[in-house]
Each structure stands twice: as C-alpha cells, then as structure tokens.
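Trainee: Let me begin by handing over the structure; questions about it come next.
The values are calculated or read from the model by the stated rules, or taken from the named source; none is laboratory data. What you are looking at is a predicted structure, and each value in this text was computed from that prediction instead of being measured. For neighbour counting, all protein chains shown are included, and Cβ atoms are generated from backbone atoms with ideal geometry for every residue, glycine included. Note: accessible area is taken over every heavy atom of the protein model, side chains too, but ligands, DNA and RNA are not part of it. Shrake-Rupley method; radii C 1.70, N 1.55, O 1.52, S 1.80 Å.
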Amino acid sequence: MSILQVTNASFSYEQHLEKIFEDISFEVGQGEIFCLLGPNGCGKSTLLDNILGVNHLQQGKIRVMGRDTRTLKSGEIARYIAYVPQSHERTFPYQVIDIVKMGRAAYTGRFSSPSAEDKEIAKEALDLVGLRHLRHRPYTQLSGGEGQLVMIARALAQKTPVIVMDEPTAHLDFKHEMVVMETIVKLVKNTDLTVVMATHFPNHTFYLENNGIKTTVALMHNKHFLEVGNPTKVLNEHNMRTLYNVNTKLMTCPLDTSTVLKQLVPVSTLNGIKEEERNAYVR
Amino acid sequence: MRKRIIYILLIIAPLLCVFATLFVGRYPLSLALVVKTLWGQIALVNYDIPDMYQTLVWDIRMPRAILGAMVGGCLAVSGASFQGLFRNPLVSSGILGVSSGAGFGAALAIILFQGNTSAIYIFAFAFALLAVLLSYLIGRVYNTTPTITLVLGGVVVSSIFSALISFAKYVADPYQDLPAIVFWLMGSLATARYHDILVAGIPMSIGIAGLLAIRWRINVLSMGDREAHSLGVNLAVDKGIVIVCASLATAGAVCVSGIIGWVGLVIPHICRMIVGNDNRVLIPASLSLGACFLVLVDNVGRIITGSEMPLGILTALIGGPFFVWLLKKTKGGSW
C-alpha cells in the first residue's frame, strides 16, 4: 500500500515566476525509503516543503494515507508527517528531553503542555536513537551528530507513519554520518517507518539497499525526475554525468557472500580536466 | 517536589516585596502599626489608627507597590515571550515598538492636554498598540510574517516613533511640557492610584493570562517557523496570540509607568540562569522576579535621595551590576 502519493505536482513561488518543479509523480510504500538526489538548488527542499505543507502546490496533489494534505490543518499533517531538518539552529539551551517533547505538540492543546504520557513517549523515542542518558543535558552542548539524533528522536515522538529528512547527514563527521545512517536503517526495519529524504550522497542509497531496505532513488533534474528506480539501476556513470556534470566510476567489491559493496567515486568535473589527462588518471 | 517549592516561592516572593514596601519611605512605620492598619481595613476592626497612617499605607504605598509588581511582571513576561518567539535572546518587550509608540502618545497628550493623566494613559496605550500594528503590517510579506521581517518592522517603527518623540520635545513648551515629557520617558510609579491599577490592569491581566496559558507553545515556536509548522503548530494563530498578549501587557504597563527599560530584557535572562530555558517555568519565574525587582528598585528610588529617583535610571543602575554578578556566578548558565 502506498503511504505517500504525489501526483502531477508543480510548484512556483508566484504564479508568474518560473516553476521550481513540474509534473512530478511518485509513490512511497510502507517501510520504504525514497531518496531525492540532485544538485544544489534543483528543488529538493522545495519539494519536501510541499510535502510538509509549508508551501502549497500550484497543480497536482499530495496524499498521505489517502488524505489530501491540502485539506489537512498543520496540526493534522503533523500526525502523518514528521520532519528532520537539515541544519537546526540552536538558540536556547533547552534540555534534550524538552526538545523531544516538542514532538508531542500536535497531540497537545494550544493552551496546555505535554502530559506524563507524552514524557514517556519522548523517553522511548530517545531510547530508539540511543540517547536516553543525555536527556537532561542542554542540547546546545551536544555534538552535531548527537544533535541530529535528537532531531530524529523528536520526529519519532510525533508517532507519524512518514518522516521527511532534509539531508540528515549534512555537516556530520565520518563516524556520525554512519551512526545516523545506521539509526535510520534500524528504525525503518523495526518500526516500518516510511522515509522520504533528500541527500547529496549517492552512496548512502547503496548503503540502504545493501541493508535490505526497499530504496527508491529519484534523480531531480531540470524540474523533472530524470529517472526513478532502485539505486543499482539508477545510479550509473551516465546519469551522474547528466545530473552533476561529474565523471564517476562505479566501484564494486564483495562485502560477504551475499552482498556487493557499491560506491560511486567522483573522478573529475566534466569540464575540469582534459580528456586524455582524465583517462590517464583513471587508468 | 522541587518543582512545587519553586512555584510556591514564585508566588510568595512578590507578596513579600509588596508587604515590605509598606514600611519603606520618609515616614518609617512599625510592624505592629502596618499590620494593624492592614487588618483594620480588611476585617473592619477599628484600632484607632490616625488617618495619616491609614492614607500612607492604603492609599499611597499599597497601590504603588501593587502597580510596581504588575508593571515589572508584565515587562519581564513580555520580554521572555518575545525572546522565545523571535528566537533572539537580545529582544526585549519593546521590540515591536510598544515603548516608543507609548512614549510618543504620552508626549502628544502632554502637549495637547497639558498633562491630563487620563489623556496620557489613553494616548500612550493607543499609540503603543498602533506601533505594534504598524510593525506587524510592515513585517507581513506573502501573507505570512517571517520573524526577521517582523523584527525589522519593529526596529523601523521604533526609530520613527523615537524621532517623533524628539520632535515633540523640540516643539514642546520648554518650561512646562518638556520637563513633563522627559520625566515621563524616564518612568515612574509616583502617580499610582487604585483607579490606574483597575484600568491598566485589564490589558495587563489579559496579556499575562494569555502568555501563561500558551507558554509551552512558545517553546515550540522558538524552533523556527518551518519546524514549528511541521510539529503541528498553526503559526498564524499562535504567533498572533503571543504578539497580541505581549503587546497588551506591555502597553498596559508603560501607559501608567512610563518607559522602564532593562526589565523586559534582562529579568528573563536572570530567570534563565536560575530555572532554565523551558518557558513552562521561565514565564512564571519572569512574572515573579520582574514583579519583585521593580518593587524593590522603586523602594530604593524612594529612599536613596531626598527627591525621587526616576525608575528607568535605577533599573539599569541596580540591575546591571546584579546581572554581571549572576553571569559570573552561574558561568552564564548553559549558554
């Protein structure tokens, strides 16, 4: 069953302005991850904004669990779709648990505050990302990776079927990039969550696929999807050249008996170095 | 348990400050006398207290202390709410132009109506709200009000009204109106009467009640527009409630007390160092500490010199060093 369904979606900020994306359609089923890939400024975040209801489509429909998001109030959308931001600007040093409790806003009246039950839900969410021990720390003192896990915990506390992530591993170090990816895999496997995420790392989608999650990649190019499909099919040297103007090599090596590790390695930008030099380099 | 103790302290502290005020002034009163005067009035018992003490306690010191507590509480709570809403620790209760709007309204009333107090209140209040409305309209783009344009709107409106205040001072009669304007702008509780408390108390109470009720939502709003929306907040409504309530509270306060700076900026920060950043505790704490602070500062102003020292001067002179001391002691809290 498809949880999230986008049909013929078009958007521009004003009627007369150029469209950011046009006539985009896709579906995501339960327990699947949908990855948006494309260069900076191609409209990934704008598409995510439309799914979140921050902006509204000019044409087309977005349905979540069969309901048109246009007809839902912000409090209702927040019970279907949660959001993990790309970079969260930390202003006030709230305690970690207070941040996660904010995930319960959609279930809490305007003039009341989270109940004891909400607090339990928040603690469980922290358990899922393994940060319960930090719950009383000011979240401004956490590292970038821990901060991102707190954002994921907050989204989990929202108890939604869908989580939208905007480049969840941006600005993270080598280890924490992995920690966040492992957390996502664990969550999708254990809770049947549906994830829509924008990413700048094609290799992450291989990672998800290798971990047995149904992963779909959409390459966003010139307002449309260039190609949609599983990572192995879509992520090839030809498409990378079209999408990013980057020459790549697809490297593979067997990881164990059943899985093959795949990596797209960038070699040069298309107009960066001369053809012969590049060939020499690759050789 | 610890939470309950904090809440009890927050309620008792301002009451104690108000009570202490009854003893302070040029005529020292004994504890027995004050208690008798209070009880006599409340329980309608006749203790044969001279009229002078009766007036001193009930009609001069009491209304002044109550008004001081209300004004201080309002300014601090509005400041804390705006800091959360605008995600900016440097914002104060006057950010949307309330103070300068009120200042201009008062100056205008002083010039036009020769300092009629009712006219000053009404004009100050009306112009305070007008200033907020203008800031809001300026900040409004594409049918939404992004935080940054709202703050910019407030800055623009504030500076326009400040210029108008200067203009009013420039054209005012230098022997009568000008000193009145200058004194009003420095803030004072000297004219406090029960009547003022009742009238200005209405917007102040509405504002405070609204902000206390919505205080947890201010946490969520402080996550920024996009995140607050995705967490399920109706931005237009919730932001609107915070702005309207904080503006009512501030406008009600400044229209009777004049412009008292500092309280709306720094009391919330002092509270952050003591109780943390969660607005569920921070807002009530600001209400309480703001009330205590202004009442105590007003007492100092009444006793340190022969003539009264304007409040706006003292709040900064006393609050500043205190803030620095606390900053050093708590190592800046969690900042």
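Trainee: Quickly work out the B:ASP51-to-A:ASP127 label distance, labels modelled 7 Å from Cα along the C-beta direction, and quote it in nm with one decimal.
Mentor: 7.4 nm
Trainee: Kyte-Doolittle mean at least -1.0 and Cα extent at least 30 Å along the axis: which DSSP H helices of chain B qualify?
Mentor: B:62-85, B:117-139, B:147-171, B:235-257, B:279-303
Trainee: Report the Cα centroid-to-centroid distance between the stretch B:279-335 and the stretch B:118-193 in angstrom, as an integer.
Mentor: The distance from the Cα centre of the stretch B:279-335 to that of the stretch B:118-193 comes to 24 Å.
Trainee: When only C-alpha pairs under 8 Å and at least 6 residues apart count, what is the relative contact order of chain A, in percent?
Mentor: Normalised by residue count, the contact order of chain A is 22 percent.
Trainee: Here is a follow-up. When all protein chains stay in place, what accessible area (Å², nearest 10, 1.4 Å probe) is found for A:SER112?
Mentor: My reading of the accessible area for A:SER112 is about 50 Å².
Trainee: What shape does the stretch B:210-335 take by its C-alpha gyration tensor, where a ≥ b ≥ c are the square roots of the eigenvalues and a/c under 1.5 counts as rounded, a/b above b/c as prolate, and the rest as oblate?
Mentor: Cα axes put the stretch B:210-335 in the oblate bin.
Trainee: Which is the longest part of chain B that has none of the trypsin sites (Lys or Arg not before Pro) sitting in a DSSP loop with at most 12 other Cβ atoms within 10 Å?
Mentor: Result, exposed sites excluded: B:27-330.
Trainee: While we're looking at this one, here's another question. Can you return the lysines within cross-link range of A:LYS119? Criterion is Cα-Cα under 24 Å, with same-chain partners fewer than 8 residues away left out.
Mentor: A:LYS101, A:LYS159, A:LYS186, B:LYS3
Trainee: Counting residues in chain A as N, plug N into 2.2 N^0.38 Å and put the Cα Rg over that result.
Mentor: Normalised Cα radius of gyration, chain A: 1.06.
Trainee: Okay, moving on. Pop the C-beta distance of A:SER87 and B:LEU9 into the FRET formula with R0 = 45 Å and round what comes out to the nearest 0.05.
Mentor: Efficiency at R0 = 45 Å is approximately 0.70.
Trainee: Same structure, new question: Which of these, B:VAL295, B:VAL263, B:VAL156, has the largest mean-square fluctuation under a Gaussian network model of chain B (Cα springs below 10 Å)?
Mentor: B:VAL156
Trainee: Related question: Please report the buried accessible area for the interface of B with A, total over both chains, probe 1.4 Å, in Å² to the nearest 100.
Mentor: That pair of chains buries around 3000 Å² in total.
Trainee: Check each residue of the stretch A:75-117 and keep those whose accessible area, probe 1.4 Å, is at least 50 Å² smaller with all protein chains in place than in the chain alone; give them in order of residue number.
Mentor: Going by heavy-atom accessible area, the residues of the stretch A:75-117 that drop by at least 50 Å² are A:TYR83, A:THR91, A:PHE92, A:PRO93, A:TYR94, A:MET102, A:ALA105, A:ARG110, A:PHE111.
Trainee: Can you give me the solvent accessible area of A:TYR13 with a 1.4 Å probe, rounded to the nearest 10 Å²?
Mentor: Approximately 130 Å² of A:TYR13 is accessible to the 1.4 Å probe.
Trainee: Right, next: When only Cα pairs under 8 Å and 6 or more residues apart are kept, what is the percent relative contact order across the stretch A:90-158?
Mentor: 52 percent.
Trainee: I would also like to ask the following. Show B:VAL45, B:VAL157 ordered by accessible area, largest first, where the area counts protein heavy atoms only and the probe is 1.4 Å.
Mentor: B:VAL45, B:VAL157
Trainee: Name the long-range amide H neighbours of A:HIS171: under 5 Å, sequence gap of 5 or more, or other chain; modelled H, no Pro or chain starts.
Mentor: none
Trainee: Which shape class, rounded, prolate or oblate, goes with chain B when its Cα gyration tensor gives a ≥ b ≥ c as root eigenvalues, a/c under 1.5 marks rounded, and past that a/b bigger than b/c marks prolate?
Mentor: Taking the square roots of the gyration eigenvalues as a ≥ b ≥ c, chain B is oblate.
Trainee: Need one number: nm distance between label points at B:VAL182 and A:SER115, each 7 Å from Cα along Cα→Cβ, rounded to one decimal.
Mentor: Here the answer is 6.1 nm between the modelled labels.
Trainee: A further question follows. If the elastic network links every pair of Cα atoms under 10 Å, which of B:VAL18, B:VAL141, B:VAL34 fluctuates the most in the Gaussian network model of chain B?
Mentor: B:VAL141
Trainee: Sticking to Cα atoms, compute the Rg of the protein assembly as shown to one decimal and its Dmax as the biggest Cα-Cα distance, whole number, in Å.
Mentor: 30.1, 110
Trainee: Where does helix A:174-191 land angle-wise versus the long Cα axis of chain A, in degrees 0 to 90, nearest 10?
Mentor: Tilt relative to chain A: about 60 degrees.
Trainee: Please report, for the Cα atoms of the stretch A:90-158, the Rg to one decimal and the Dmax as a whole number; what are they, in angstrom?
Mentor: Just the Cα atoms of the stretch A:90-158 yield Rg and Dmax of 11.2, 33 Å.
Trainee: Another question, then. Would you work out what percent of the accessible area of the protein assembly as shown, with all protein chains in place, is carbon or sulfur (probe 1.4 Å)?
Mentor: Answer for the protein assembly as shown: carbon and sulfur cover 61 percent of the accessible area.
Trainee: Here's something else I'd like to know. How much solvent-accessible surface does B:TRP325 expose, in Å² to the nearest 10, with a 1.4 Å probe and all protein chains in place?
Mentor: B:TRP325 has an accessible surface of roughly 140 Å² with all protein chains in place.
Trainee: Give the longest segment of chain A that steers clear of GluC sites (Glu not before Pro) in DSSP loops with at most 13 neighbouring Cβ atoms within 10 Å, not counting the sites themselves.
Mentor: That gives A:90-283 as the longest site-free run.
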